[in-house]
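Q: This is the structure, below, for whatever I ask next.
The values are calculated or read from the model by the stated rules, or taken from the named source; none is laboratory data. All values derive from a computational prediction rather than experimental measurement. With ideal geometry, Cβ positions are generated from the backbone for all residues, glycine too; neighbour counts draw on all protein chains shown.
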Amino acid sequence: MAQGIANHMLKGLVEAESAGVEPSKVHPLAIKALSEIGVDISSARSKHVSELGEKSFDLVVTVCDGAKARCPSWPGQGKRTHFGLPDPARATGDPDEKMAAFRAVRDRIIQGLIPHIKRELDI
C-alpha cells in the first residue's frame, strides 16, 4: 500500500519500490482500500527483498510494526529510517472490521508516512 500511495502522491519526485521477507499476494482489501482514493494497485505484486539485488536507494523505509526482528536490513546504499505500521492483513473481526483496518493503515500512510518521506528526502 505504501508503494502505491507514494508513487501516486509523490509522482515525479520519487520512485518507490516495495519488498519484504515474506512475499505473498497483494491483499484484495489493500487493492480495495486504495481504489477508494483513486490509486490502482491491482497489477502490483509482492516481491522478496532479494529481488531488488543491491540496488541503491536514496531512502530505505521499513514499515513492519511489531516485527522489527524480521524486517530486512538493506545491504545496498541509502539512508535508512523506520515508520511503523500495523499489518492490516492480521486484522481480525468481521469483513467491515477488516476493511476498517486497511483504511486506517492507508490513512496513516497518507497522513504520516508521506510527510515523513518528504522530510527525510527534503522535498
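Q: Which members of region 88-123 meet the condition of being touching a residue at least 12 places away in the same chain (Cβ under 8 Å), over 16 Å from ILE5 (Cα atoms) and charged (D, E, K, R)?
A: LYS98, GLU120
Q: Would you check if LEU113 is in contact with a Phe, Trp or Tyr (Cβ under 7 Å, 6 or more places away or on another chain) and part of a helix (DSSP H, G or I)? I'd like the intermediate steps shown before the answer.
A: Details: in contact with a Phe, Trp or Tyr (Cβ under 7 Å, 6 or more places away or on another chain): yes; part of a helix (DSSP H, G or I): yes.
So LEU113 passes the test.
Q: Looking at (1) of a type outside the set (D, E, K, R); (2) assigned to a loop (DSSP other than H, G, I, E, B); (3) touching a residue at least 40 places away in the same chain (Cβ under 8 Å), which one does ALA16 not meet, given that it meets all the others?
A: ALA16 satisfies every listed condition except (3).
Q: Could you check how many residues of region 21-48 are in a helix (DSSP H, G or I) and crowded, with 17+ Cβ neighbours inside 10 Å?
A: Pass one, region 21-48, residues in a helix (DSSP H, G or I): 28-35.
Now drop any that are not crowded, with 17+ Cβ neighbours inside 10 Å, which leaves 29-31, 33-34.
Number of matching residues: 5.
Q: Return yes or no: is LYS32 over 20 Å from ASP122 (Cβ atoms), modelled with pLDDT under 95 and of a type in the set (Lys, Arg)?
A: Numbers: over 20 Å from ASP122 (Cβ atoms): yes; modelled with pLDDT under 95: no; of a type in the set (Lys, Arg): yes.
No.
Q: Suppose the filter is at positive phi and modelled with pLDDT under 90; does GLY66 pass it? Steps first, answer last, please.
A: Details: at positive phi: yes; modelled with pLDDT under 90: yes.
Judged against the criteria, GLY66 is a match.
Q: Check off (1) more than 15 Å from LYS118 (Cα to Cα); (2) surrounded by 12 or more Cβ atoms within 10 Å (Cβ to Cβ); (3) touching a Lys or Arg at 6+ places or on another chain (Cβ under 9 Å); (4) modelled with pLDDT of 95 or more for SER18 and give me the number that stays unchecked.
A: (4)
Q: Check region 72-87 and report whether any residue there is part of a strand (DSSP E or B), under 22 Å from GLU22 (Cβ atoms) and either of a type in the set (A, V, I, L, M, F, W, C) or at pLDDT 95 or above (or both).
A: First pass over region 72-87, keeping only residues part of a strand (DSSP E or B): 79-85.
Checking the rest, the ones that are also under 22 Å from GLU22 (Cβ atoms) come to 80-85.
Remaining after also requiring either of a type in the set (A, V, I, L, M, F, W, C) or at pLDDT 95 or above (or both): 83, 85.
For region 72-87, residues part of a strand (DSSP E or B), under 22 Å from GLU22 (Cβ atoms) and either of a type in the set (A, V, I, L, M, F, W, C) or at pLDDT 95 or above (or both): present.
Q: Next up: How many residues does region 111-123 contain that are within 20 Å of ASP40 (Cα to Cα) and buried (at least 16 other Cβ atoms within 10 Å of the Cβ)?
A: Keep residues of region 111-123 that are within 20 Å of ASP40 (Cα to Cα), which gives 111, 113-114.
Within this subset, residues satisfying the condition of being buried (at least 16 other Cβ atoms within 10 Å of the Cβ) are 113-114.
Within region 111-123, residues that are within 20 Å of ASP40 (Cα to Cα) and buried (at least 16 other Cβ atoms within 10 Å of the Cβ) number 2.
Q: Do any residues in region 45-58 that are at positive phi have Cβ atoms under 8 Å from those of residues that are surrounded by 11 or more Cβ atoms within 10 Å (Cβ to Cβ) and not basic (Lys, Arg), where the two are at least six apart or on different chains, and which pairs are they?
A: Pairs that qualify, where the first residue is at positive phi and the partner is surrounded by 11 or more Cβ atoms within 10 Å (Cβ to Cβ) and not basic (Lys, Arg), are GLY53/GLY76.
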